[in-house]
Structures are given as C-alpha cells and as structure tokens.
Amino acid sequence: MGLESPSKIQDPQMKFDAFKNGKCLKGKKNGRLPAMGWNSWNAFGTGNTEKLTKAMADALVNLGLDKLGYKYVVLDDGCYRSQRVDGKLASDEVKFPSGFMAMSDYVHSKGLKFGMYNDIGPKLCSGLEVGTCGHEKDDGRSYIEWKIDYLKVDNCYYLWDNATFSNPENARFVYTPNIKSVSVVAATSAAFKKTFSACEGVLTGECAKVCELKSGEKYVNGLGTLDGTNTGTSPLNDRSSELHFEIEAPVAGDYEVRIEYATGREPEVGEWLELAVDSDGLTEYFYDDLLPPTKDKESFVESDPIKIRLAAGKNILRIMNHRRQENTLDSYAAMLDGLTSADPNQDIVFSICEWGKTHPQNWGYKVGNSWRILNDITFKVGSDGDPGVGSWKDPGTPSITSQYNKAVVMDEFAGLDKGWNDPDMLMIGMNGLTLVQNKTHFTLWCMMNSPLMLGLDLRRMSFGDELYNIIANRELIALNQDALGVQAKRIWTSADCKGESPDKIYIEDIDRIDILAKPLADGSIAVCFINVSETRKSGSFAVDDKLLSKIFSDRFKCSQKYQIKDLWTGKEWENTTGKFEVPELDACDNVTIKILRGV
C-alpha cells in the first residue's frame with residue numbers, strides 16, 4: 001500500500017465486477033456465528049485502562065456472562081502509545097503499563113478471548129499516529145504475538161476517500177471527473193470515428209446525473225459510489241453509477257478513446273477514471289488512474305488517447321469509478337493478509353468498521369466476519385463512573401431505531417457463508433434509554449443476528465437485576481446464536497410500503513409496527529412483534545402460518561397445531577388456529593414468540 005496514491009488492484013476478486021461472485025479472500029474464515037463480548041468504547045471512550053479492562057473481564061466471569069457466550073474482551077481506541085516504537089505498535093505507558101501481552105494473558109486466564117482495535121488510515125480516530133496503513137505486515141505479526149482473537153478495524157483519516165477526519169479533497173480518488181463527451185477512433189485508420197455527448201450514454205445506478213452548464217451544454221456528474229455513512233441511503237439499490245456507450249466496431253482491433261472532462265476534488269466530481277470494455281461476455285480494463293487536473297470542475301479539456309481493444313460487432317464502453325469500494329476492500333484485505341502472513345492458521349474474528357460508507361454489504365463478506373452499516377450508534381460515550389447516553393429515535397445514526405431501520409432490510413447479505421450486518425454495539429445500560437427500550441434493543445439485535453458486544457460498565461450491573469436479565473436472556477441469545485444462521489426478515493409492517501415488499505423498503509418513519517420472522521435450526525420459527533413508535537398501539541397485529549410457510553417454504557410447513565412460547569415472559573400455550581396475533585403493544589415494546597409445529 002503506497003502513501004501517495006491507491007494501490008493498483010491486482011487481484012480481480014477485489015474489483016467491483018467480482019463483488020457478487022461469493023468468493024472470499026485468502027485468510028477469511030466462514031461459518032462463524034455473531035461475536036459476543038464486551039467492547040470498551042461505549043463505556044469508557046479513550047479512557048479505558050488496564051485496571052478497568054481487568055475489572056470488566058472479572059465481571060464477565062463473576063456474573064456468569066461468559067457461560068452465556070460473552071467471550072470477547074475488546075480494547076477499543078485510546079489504548080496505544082501515540083507513536084510507534086521502532087516501527088511497531090506499543091501500549092500506552094500510563095493506561096496499560098504492563099503491556100498488551102500481559103493484558104492478553106490475563107483475559108485468556110479467565111477463559112475469555114482477547115480483542116484489539118486499529119484503523120486502515122495512518123491514524124486512529126483518536127488521532128494516535130498508529131494506523132495500520134503501510135504497516136500491515138508488522139502489525140499482523142504484533143497481533144499474532146499478542147495472541148489476539150478479535151480485531152476491529154476503523155476507517156478514520158483514510159487516505160483514499162473523504163472519510164472522517166480525512167482530507168476532504170480525497171474525494172478526488174472516488175469520483176470520475178465530470179464527463180462532457182467521448183470519442184472513439186480506430187488506432188490505425190481514420191475510417192472509423194464515433195463521438196458521443198455524455199448524455200447520449202446510458203447511466204446505471206443512482207449516483208450519477210446529467211447537469212447543464214450556463215451555455216446549455218450538458219455533462220455527466222457523480223460517476224462513483226454514494227456515501228452510505230449516514231441514514232437515508234437504502235442498502236438494497238445500486239448506489240454505484242457507470243456511463244455506458246454501445247459501440248458497433250466494424251473489425252476487431254485497436255482503437256483509441258478521448259474523453260472531454262473537467263476535474264474536481266469534492267463529492268460527485270473527482271480525478272480518478274476507470275475505463276473498461278465489455279464484449280463477448282468478457283470485461284477488459286484499459287485505464288484505472290488519475291487524469292491530469294483541470295482549471296476547475298467546469299473547464300473541460302480533452303484527454304490524451306486511451307488505447308483500447310474492441311471486438312468486431314457490439315461492445316459496451318464503461319466509464320466509471322468504483323474505487324470507493326475497491327480501495328476500502330483493498331485496505332482491509334491488506335490487514336487480513338498481514339495477519340495471515342504472520343500465521344497462516346490464524347483464526348481471528350475480523351470486524352470491519354467503515355460505518356457503511358462504501359456499502360460493505362456488497363463486498364464485506366470477502367474479507368470480514370461483520371461490517372458496520374452506519375456511523376456510531378452513540379457519540380456520547382461514557383467514562384469511568386459515567387454511563388454515557390443512548391437514544392431511541394435520534395434522526396441521525398446515533399439511535400436504536402436509525403440503526404434498526406437500515407439493518408432490518410439487509411437480511412439477504414448475512415449468513416454463515418458471508419458474515420453479519422453490524423448496527424454497532426449495544427447501548428443497554430446507558431442513560432437516556434428506558435428498561436423497555438433496552439429490552440427491545442436487545443431483541444432486535446438478537447433477531448437480526450447482529451454481533452452482541454456489550455458497551456456498558458459491567459460494575460453497574462448485579463446478577464439478576466433488570467439490566468442483567470435483559471442481556472442474560474438465554475432464549476433471546478439462542479436466536480442470535482442459532483446454528484442455522486439466518487437473519488430475521490421483516491414480513492409485515494403497518495407503514496405504507498408503496499407497493500414494495502416489507503423486507504425490501506427502507507423506512508425511516510418510526511410511527512409503525514413491524515413483524516419479523518426468523519427460521520431456526522430445530523424447525524421452529526421466531527416471530528417478533530415490535531412497536532417502533534413512542535406511543536402505545538392497539539389493533540390486530542397478526543401473521544398466519546400460510547404467510548410464514550410461503551415466505552419460508554423450505555424451512556416452515558403448516559400444521560394443525562403449534563406450541564408457542566413467549567421468550568420474555570416464559571409463558572407457553574397451544575395454538576390451533578394458525579394465526580399469531582398481538583392486540584396491543586406499549587411504546588417501544590416487543591412481543592417475541594417461538595412457534596414449534598405440533599405433531
């Protein structure tokens with residue numbers, strides 16, 4: 001990984017066209033269920049210490065949470081020395097005076113697993129200058145030496161995109177220039193020449209658009225990938241755009257392309273161009289680099305000729321920039337390779353934390369075991385003695401419902417053969433949330449197969465108290481850890497789906513009831529009725545066995561009777577109607593049942 005320009009991507013498995021092929025990179029381990037444990041960030045921010053971490057490890061064991069599956073103890077940002085020592089990572093001398101090896105040994109002595117944190121940029125989000133960029137091999141060796149079991153890798157100060165704290169001008173790497181026209185000529189003869197205005201081409205995806213100069217001339221802007229860091233961007237649609245031109249070549253051979261372009265260094269207009277030709281079912285890339293900068297984003301110039309090859313007959317010329325996704329995958333792959341090079345048998349959980357910016361649901365499975373889907377769930381983290389603040393409905397990313405609204409329509413991307421959508425750490429135990437909201441928060445994360453990483457100071461909890469009884473609910477944990485590994489699907493909502501299926505529409509208005517269903521390995525199915533709103537709801541909130549059988553035809557069949565269990569109250573009963581109904585739900589509350597077919 002260079003430090004002046006993104007790496008040339010040599011592995012075709014890391015190119016955009018390979019994102020849907022289901023092939024993972026070397027070192028990626030599949031078959032993992034969602035990770036469970038404790039992470040220091042929500043509880044202590046950058047103020048975590050060796051003493052506090054030992055106290056949390058002790059508490060996991062003393063409270064019996066380790067027996068329920070909470071195994072990982074993860075040090076988040078703020079634990080390293082601010083600079084490398086002889087090129088290597090080192091612990092903060094005050095916060096972790098005994099060093100990371102001693103911390104690892106202590107956690108492992110408790111029968112727990114040890115996790116750490118870093119960043120694909122040159123700095124961590126805290127500003128410490130110890131990011132992995134350019135140090136992946138050294139850091140991989142350090143993490144193997146420290147016997148870590150889990151690595152969370154963030155995305156701050158990233159060099160090849162305008163990520164958090166990065167130079168905003170880094171957007172130049174992830175968008176093409178504005179494009180006004182494209183000319184194609186035969187390389188050895190003037191007999192063939194085609195010139196297209198940009199607006200004559202076909203735009204794919206939802207990122208690019210046609211714009212107009214004051215002169216009335218039109219051009220295409222926004223060829224790249226939309227930023228998915230914040231709310232409002234559906235994960236299901238094609239958020240990357242390309243500009244296509246169909247070229248009917250008289251003969252196979254060499255041709256030249258000249259592009260009339262203008263560059264910028266801001267979202268929607270950059271300097272990086274990818275150019276490829278599709279013909280006869282094959283794709284060949286001919287350009288993947290920066291174009292020389294222009295005076296400004298409306299001062300168009302003609303590029304030097306770009307040599308291409310065309311087949312006789314129909315060809316599709318593709319102008320694009322998928323580098324927002326490709327660069328990020330490449331950087332995470334470099335860290336995975338660092339770990340695997342240090343130990344080919346490494347079995348480290350790799351947690352991608354780029355906040356959904358580059359739509360990791362498209363590519364994350366290739367390299368990671370989970371991928372964050374949005375920015376942080378809270379920006380009001382705690383400290384020693386302060387629990388921090390959580391929110392049910394903040395309109396930005398820092399709330400339970402904002403994270404849920406996106407994650408709930410992402411079931412198609414999750415699975416044992418892929419990895420897990422990560423709507424961030426649990427905020428249970430933080431100020432600002434009621435007991436009911438905490439309970440529903442936990443339920444949703446369990447139903448959606450999200451990683452269950454506790455984020456509270458465990459000293460605030462006692463065995464059997466209200467918070468403990470939420471995170472220690474064995475029935476709910478069993479849903480999250482079910483061997484079938486299927487994320488729940490939203491099968492009904494009271495919101496207007498505008499003609500779309502309820503599992504395919506991204507809904508941000510929380511004034512609604514949702515019903516989720518999740519098939520389980522024992523042949524049963526979990527159904528969760530959720531009041532997403534902050535007001536009590538009454539009505540007929542129901543699904544029947546016919547709908548469940550239709551949606552989960554390979555896993556659920558209708559029966560004459562069913563055994564039902566409420567997973568929060570423990571109440572059990574028999575159902576002979578095949579209709580499963582909840583007549584009312586308190587604000588932010590849920591009813592979650594397990595349905596087992598009778599014999």
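The values are calculated or read from the model by the stated rules, or taken from the named source; none is laboratory data. Quantities reported herein were computed from a predicted structural model and do not represent experimental measurements. Because the Cβ atoms are built from the backbone with ideal geometry, glycine has one as well, and the counts that use them run over all protein chains shown. In case anyone asks, the SASA skips ligands and DNA or RNA and just uses the protein heavy atoms, side chains included. Shrake-Rupley method; radii C 1.70, N 1.55, O 1.52, S 1.80 Å.
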Two decimals is fine: what's Rg over Rh for region 220-282, C-alpha atoms, Kirkwood radius as Rh? 1.05
Quick one: pull the percent of accessible area on the chain belonging to carbon and sulfur, 1.4 Å probe, ligands and nucleic acids left out. 48
In whole Å and largest first, what semi-axes does the C-alpha gyration tensor of region 1-70 yield when each eigenvalue is scaled by 5 and square-rooted? 38, 20, 9
Keeping all protein chains in the complex and leaving out DNA, RNA and ligands, what accessible area do you get for T164 with a 1.4 Å probe, in Å² to the nearest 10? 50
For region 221-254 and region 383-412, distance of Cα centres in Å: 31
Apply the Kirkwood formula to region 400-528: the hydrodynamic radius equals the inverse of the mean of 1/r over all pairs of different alpha-carbon atoms; give it in Å with one decimal. 15.3
J(HN,Hα) series, region 64-81, from Karplus relation 6.51 cos²θ - 1.76 cosθ + 1.60, nearest Hz, glycine and proline x: x, 5, 4, 5, 8, x, 7, 10, 8, 10, 10, 7, 8, 4, x, 9, 8, 5
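Over all distinct Cα pairs, what is the inverse of the mean 1/r for region 225-341, reported as the Kirkwood hydrodynamic radius in Å?
So the Kirkwood estimate lands at 16.5 Å.
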All alpha-carbon distances of region 74-200, grouped into 10 Å bins from 0, give the whole-percent distribution 12, 31, 21, 11, 10, 9, 5, 1
List the pair-distance distribution P(r) of region 303-394, using every Cα-Cα distance, as the percent of pairs falling in each 10 Å bin from 0 up to the bin containing the longest distance, rounded to whole percents. 12, 26, 24, 23, 9, 4, 2, 0
Would you list the membrane-span-like helices of the chain, meaning whole DSSP H runs whose alpha-carbon atoms span at least 15 Å along their axis and whose mean Kyte-Doolittle value is at least -0.5? 50-62, 435-447
Residue-normalised accessible area of region 31-166, expressed per residue, 1.4 Å probe, Å²: 33
Longest to shortest principal axis, alpha-carbon extents of region 125-223, angstrom: 65, 37, 22
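I'd like to check one number: the per residue accessible area of region 245-284, probe 1.4 Å, reported in Å² as a whole number.
42
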Report the full-extension gain for the segment W573 to E534: residue separation times 0.36 nm, less the Cα-Cα distance, to one decimal in nm. 11.1 nm
Counting sequence-distant residues (5 or more places) and residues on other chains, those with an amide H built under 5 Å from that of F286 are L275, A276, V277
Rg followed by Dmax, in Å, when region 33-90 is reduced to its Cα trace: 13.4, 41
Once both label points are put 7 Å beyond Cα along the C-beta direction, the D304-I316 separation in nm becomes 3.0
Between D278 and N30, what's the calculated FRET efficiency when r is the beta-carbon distance and R0 is 30 Å? Round to 0.05. 0.50
Roughly speaking, what is the stretch gain from R459 to D86, that is 0.36 nm per residue apart minus the C-alpha to C-alpha distance, in nm to one decimal? 130.5 nm
Can you list, by residue number, the Cys in the chain that have no neighbouring cysteine C-beta under 4.7 Å? C24, C79, C133, C199, C207, C211, C353, C446, C497, C528, C558, C588
Rolling a 1.4 angstrom probe over the protein heavy atoms, how many square angstrom per residue are accessible across region 385-462? 24
Please give, to one decimal in nm, the separation of the simple spin-label points placed at R555 and T204, each 7 Å out from Cα toward the Cβ. 3.1
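Tell me, in nm to one decimal, what length is gained between A483 and L435 on full extension, where the rule is 0.36 nm per residue of separation less the Cα-Cα distance?
Here the answer is 14.4 nm.
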Report relative contact order for region 53-105 in percent, whole number only (criteria: Cα-Cα under 8 Å, sequence separation at least 6). 23
